[in-house]
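What follows is a single structure, written as C-alpha cells, with notes after it.
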Amino acid sequence: MDDKVTLLKDTIEEHNIKCDINRLDKAIVTAMKAHANQLRKSGEPYFIHPLEVARMLAEMEMDESTIIAGLLHDAAEDTDYGLDKISADFGEEVAQLVNGVTKLGKIPFSSKEEEQAENMRKMFLSMAKDIRVIVIKLCDRLHNMRTLEYQSPEKQKYKASETLQIYAPLAHRLGMIKIKWELEDLCFKYLEPEEYKKLVGQIAEKRAERDAFIKDIINIISQKTEEMGIKSQIDGRPKHLYSIHKKMVRQNKTLDQIFDLYAVRIIVDTVKDCYAVLGIVHELFKPMPGRFKDYIAMPKPNMYQSLHNTLIGPNGVPFEVQIRTWDMHRIAETGIASHWSYKEGGKTDAKFDSKIAWIRQLMEEQKEMESASEFMELFKLDLFTDEVFVFTPKGDVSNLPAGSTPVDFAYGIHSAIGNRMMGAKINGEIKPLDYKLKNGDIVEIITSSAVNGPSRDWLKFVRTSNAKNKINHWFKKEMREDNIKRGREMLEQQLKKYGIAWNDLFKAEWVNPILKKYNFSNMDDLYSAVGFGSISTNKIIVRLRDEYAKTVKPEDLDKNLAIAKEFVSDKPKKEKSAADGIVVKGIDNCLVRLSKCCNPVPGDSIVGYITRGRGVSVHRSDCVNILSGLDSEARLIEVSWTNAPKTSYPADLIIVAIDRNMLLIEIMNQISDSNLTLRAINAKVNKEGNAIINVTLDIQDTVQLDRIINKLLKVSGVMEVNRIKH
C-alpha cells in the first residue's frame, strides 16, 4: 500500500499541484483508519479505492481540497467518521464536497428507482454549486467499474447499465472524453460479453496490419510538416471498442466496413498551424466528401475543439484525422476539469460559468418537478444527445440536442416566446413545428398575441427537457383548479378503499413532512400534482402511513384511530405478480392484459391504462394510443415487469427488402436458427419493387428481439427491419 501512497504524491508533484503535504498525510492516515476493518470484494484493503480515486483526481490536476475529498469520499457513508468530523479536521469546503457524493443512505424509499433518482437529484444540487462534486463521482465510478469483475453477475449488469445510462453520457456532456470512453468500454464488457470478446479478437487479428498502415501515414505527414517548419506530434488514435460496436450495429456493417477504424491525431502549437496542417493533409490525401467538421470555429457545447476529416489513404483505405492544439487536447481529455477556476485562487471565470449553465438551468427546472423520477427522465433526455448548431436571423448561434424542433428553439429563447408561438421560418421558408433542425439552419419564430399557450401535441415531438418542462408547467398552471379538484377526489377514493376517514390521516404533523419532501408550498400544490399525474395517490398515502407510524408505539398501531391493520403495517404488502408477468403498482389480484395494439415485451418501457370492466391494459410507453391521450390521463397507472415473466410474447416486425429469389426462405432460416416461433407471416411487393414482409414472432424480451432484428438485417437485400407501431 505504501507504493500506492508514493504514487499519489508523485502524481501531485508531477502535475505541479499546490498541496500542503502535512494536510495530505493527515487525510491519508484518517482515511486509512476509517476504512481499517473493511475489505473490497477482491480481498484487498478498502482504502486502496479512495487512494486510487485521489490519484485519478491528481492526474486531472484538481486542487488540494478535491484530492482530500477523494480520499474521504466514502468515509461519511460507510464509516463512523462523519461529515461533522471531516469539517472539523479538514474544513467546510472538503465536507461539502464529500457530502455531495454521499448517498441518502438513511431514508426509506419505495423502490430502487426512486432511491437512484433521489440520490442523483441530491448529487446534482451539489454539483450545481460546485462542479468538483461530479468530477469526484466520475473518478469514483470509473475505479469501481475497473474492479467490477469481483462483483456478482447481477451487480455487474446493474452497475454497468446505470453507468451507461447516466455516468458515461454525463462525462461526455462535461467534455471528459477520456473517462467517457473507458466507462463505455467497461460497460460493453459486462453488458454484452460475447460481442465484446468477439470484437477484441477481431481487432487483435488486424493489429499488425493496422499499426503498419498508421505508421506509413504518420511518416508521410511528419515529413511534410517538417518541410513546412511546423512543430507537431503525430500518433495513432485508438478507436474505443464501444463506439466501433455501436457503429457496426447501427449501420449493419462488419468491422472491415467501418471507415474511420484507422485514425491519426496531430497536435500543434497554434490555431494557425491547425489549418496549415489541414491544407497539408488535403494535399497529401484525397478527402472524402461531406466528412469535414470544424469544431475549432464552432466548438461543441462540452468545450471540445478540433478539426476532423476522413481521407483516402494508401491502397484506397479510408482513415480519420484530428488536428488540434495542445490546449485543445488537454480540454478534450479532461473537459470541465481542465477549466477548474478554483485552482487559481478562487477567481471567477465567466467562460467556465457559461459551460456549466445547463446544470444550473436543469436545477432551476427541477424546482417545479414534484418527483425525483420526473427529474431523472428529463435529466436523461439532456444527456443522450448529439448537438445541432442553428442561427437566429441576427446571426447568433444556438446549440440544441439533435432532433430538436423550432418549438425547442423558441422555448430556449424564453418561455413567453414558446407560449405565443404560432409558426416558424427555417431559412426563410415556413416549416411545420415538428421539423427537425439541421446544422446551419436560420430559425425565425413567428409569434402572435392571439395565441394563448402551447398545444399538448407539442409534447409528442419536442426534444429538450427545457421545452417539455415549460409546456407541462403551463398546463399545470392553467388547469390548476381542475387538477386540485381531481387530485383530492383521487386521494379520497384511495382512502375509501382502505376504509380510512380523511380526517384520521390528513393531519398537519403527518402532512407537513410530505409537503417539504416534494417541495409543495401547500395542500393545493399536492392535490394539483396528484390530479395532473406527477405523483401517484399511493405514494402520498404510503408516505402518510410512514409519518403516522412514527408518532405511535408499535403496540398501539392496531388501535390508534381505528386504522386498518394492513394500512399501518411497517412492512408494505408485497405486490403480487399479475397475469403476463406484470405488476400493477398498489393493486393486488388485478385483471391485466397486454395490449394487442403495441404488443409489449419484457424490456419495453410500459404504462398501464385502467379500462372499464376489463382491468388494466398494458401498453408500450411509445404506443400511439397512449401518446394520443386515450380518454383521460388520470386513468394511467404505474406498471412494471416481474423478474419471472411469461415464456414468450408476440412481437410484430416489418421487413423492407429488395425483392429477389430465395429472400423469404433466407428470412425464415434466420428465424428458425434463432429457435423462435413464427406465429404469422404476410408478404407483398410494392410499386417500387420492394418486398414488404410482416412477421409475428414469439419473443421473450427486448434483448432477444434486438438479436433477431440484427440477424435479419444481415440477410442480403434487407434494407430495414422495424418493430410495428400500430
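What the table shows:
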read-out	value
Members of region 424-466 that are at positive phi and touching a strand residue (DSSP E or B) at 6+ places or on another chain (Cβ under 8 Å)	427, 428, 440
Qualifying residues in region 424-458 (those that are of a type in the set (D, E, K, R) and outside any strand (DSSP E or B)) - the one nearest to residue 475 (Cα to Cα)	456
Subset of region 254-272 that is touching an Asp or Glu at 6+ places or on another chain (Cβ under 9 Å) and at pLDDT 85 or above - its residue that is nearest to residue 209 (Cα to Cα)	263
Hey, residue 95 among the hydrophobic types (A, V, I, L, M, F, W, C), free of Cβ contacts under 8 Å to residues at least 24 places away in the same chain and in a loop (DSSP other than H, G, I, E, B) or not	no
Candidates 517, 477, 485, 507 - the one that is over 30 Å from residue 404 (Cβ atoms) and without any contact (Cβ under 8 Å) to a residue 12 or more places away in the chain	507
Residues of region 672-707 that turn out to be free of Cβ contacts under 8 Å to residues at least 40 places away in the same chain, β-branched (Val, Ile, Thr) and open to solvent by less than 50 Å² (accessible area, probe 1.4 Å), as a count	2
Among (1) in contact (Cβ under 8 Å) with a residue 40 or more places away in the chain; (2) farther than 18 Å from residue 532 by Cβ, the one test that residue 451 misses	(1)
Count - residues of region 315-348 that are open to solvent by 20 Å² or more (accessible area, probe 1.4 Å), modelled with pLDDT of 55 or more and within 17 Å of residue 129 (Cα to Cα)	1
Within region 249-281, considering residues that are over 23 Å from residue 297 (Cβ atoms) and either in contact (Cβ under 8 Å) with a residue 24 or more places away in the chain or aromatic (Phe, Trp, Tyr) (or both), the one most open to solvent (accessible area, probe 1.4 Å)	259
Any chance residue 8 is closer than 21 Å to residue 144 by Cβ, in contact with a Leu (Cβ under 7 Å, 6 or more places away or on another chain), outside any loop (DSSP other than H, G, I, E, B) and of a type in the set (A, V, I, L, M, F, W, C)	yes
Qualifying residues in region 1-40 (those that are touching a helix residue (DSSP H, G or I) at 6+ places or on another chain (Cβ under 8 Å) and polar (S, T, N, Q)) - the one least open to solvent (accessible area, probe 1.4 Å)	11
Lone unmet requirement of (1) in a helix (DSSP H, G or I); (2) closer than 23 Å to residue 213 by Cα for residue 330	(2)
Residues located in region 221-230, provided they are in a helix (DSSP H, G or I) and buried (at least 17 other Cβ atoms within 10 Å of the Cβ)	221, 225
Residues within region 235-248 that are surrounded by fewer than 14 Cβ atoms within 10 Å (Cβ to Cβ) and closer than 30 Å to residue 721 by Cα, tallied	1
Total residues in region 200-227, condition at pLDDT below 90 and of a type outside the set (D, E, K, R)	9
Hey, residue 215 of a type in the set (Lys, Arg), crowded, with 20+ Cβ neighbours inside 10 Å and assigned to a helix (DSSP H, G or I) or not	no
Helices (runs of 4 or more DSSP H) fully within region 475-547 counting 2 or more residues that are touching a helix residue (DSSP H, G or I) at 6+ places or on another chain (Cβ under 9 Å) and modelled with pLDDT of 75 or more	480-498, 508-517, 523-532
Of the criteria (1) modelled with pLDDT of 75 or more; (2) open to solvent by 40 Å² or more (accessible area, probe 1.4 Å), which one residue 617 fails	(2)
Any hit, region 663-671, residues being in contact with a helix residue (DSSP H, G or I) (Cβ under 7 Å, 6 or more places away or on another chain), touching a residue at least 12 places away in the same chain (Cβ under 8 Å) and part of a strand (DSSP E or B)	no
Leading residue by the ranking (most open to solvent (accessible area, probe 1.4 Å)) among those in region 391-440 that are of a type in the set (Asp, Glu) and modelled with pLDDT of 85 or more	429
Subset of region 11-38 (residues that are among the basic types (Lys, Arg) and part of a helix (DSSP H, G or I))	23, 26, 33
Test: residue in region 101-122 that is part of a loop (DSSP other than H, G, I, E, B), under 20 Å from the mean Cα position of the chain (by Cα), at pLDDT below 70 and among the polar types (S, T, N, Q)	yes
Sole residue being modelled with pLDDT under 55 and outside any strand (DSSP E or B), chosen from 596, 571	571
Residue match in region 640-655 (condition: more than 24 Å from residue 618 (Cβ to Cβ), open to solvent by 60 Å² or more (accessible area, probe 1.4 Å) and free of Cβ contacts under 8 Å to residues at least 60 places away in the same chain)	no
Search result, residues across region 289-311 that are hydrophobic (A, V, I, L, M, F, W, C) and open to solvent by 50 Å² or more (accessible area, probe 1.4 Å)	292, 297, 298
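For every residue, the table says whether it meets (1) without any contact (Cβ under 8 Å) to a residue 24 or more places away in the chain; (2) buried (at least 18 other Cβ atoms within 10 Å of the Cβ); (3) in a helix (DSSP H, G or I); (4) at positive phi.
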residue	(1), (2), (3), (4)
139	no, yes, yes, no
156	no, yes, yes, no
179	no, yes, yes, no
197	yes, no, yes, no
202	no, no, yes, no
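Yes/no matrix, rows are residues, columns are (1) under 20 Å from residue 601 (Cβ atoms); (2) at pLDDT 85 or above; (3) in contact with a Cys (Cβ under 6 Å, 6 or more places away or on another chain):
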position	(1), (2), (3)
656	no, yes, no
662	no, no, no
665	no, no, no
676	yes, no, no
688	no, no, no
692	no, yes, no
709	yes, yes, no
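The values are calculated or read from the model by the stated rules, or taken from the named source; none is laboratory data. All values derive from a computational prediction rather than experimental measurement. Glycine gets a Cβ as well: all are built from the backbone with ideal geometry, and neighbour counts include every protein chain shown. Side chains are part of the model used for accessible areas, which takes the heavy atoms of the whole protein and leaves out ligands, DNA and RNA. Shrake-Rupley method; radii C 1.70, N 1.55, O 1.52, S 1.80 Å.
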